[in-house]
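Single-structure report; data block below.
The values are calculated or read from the model by the stated rules, or taken from the named source; none is laboratory data. What you are looking at is a predicted structure, and each value in this text was computed from that prediction instead of being measured. Every residue, glycine among them, receives a Cβ derived from its backbone with ideal geometry; neighbour counts consider all protein chains shown.
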Amino acid sequence: MDAAFAHNDRGAALLERGGECADMVEAEIYGDITDELWDWVAANPVFTAYPEVFAQPD
């Protein structure tokens, strides 16, 4: 999980600038996300969220 957050942090500034030169046409979010993010996805039709699909049973 730490690696995923580090990856997102490294790309945050570049992703913020993406809207300056591109239009988002589609994005997928995988995993356990917060209610706030589910609401945001629902309000932005180019995004799709999926529950954790790679979870390993204990």
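Here are some notes:
- Conditions (1) under 10 Å from the mean Cα position of the chain (by Cα); (2) loosely packed, with under 10 Cβ neighbours inside 10 Å; (3) not charged (D, E, K, R): number failed by Gly31: (2)
- Taking every residue in the stretch 23-39 that is under 16 Å from Tyr50 (Cβ atoms) and pairing it with any residue that is assigned to a loop (DSSP other than H, G, I, E, B) and modelled with pLDDT of 85 or more, at least 6 positions away or on another chain, the pairs with Cβ-Cβ distances below 8 Å are Glu26/Val46; Ala27/Val46.
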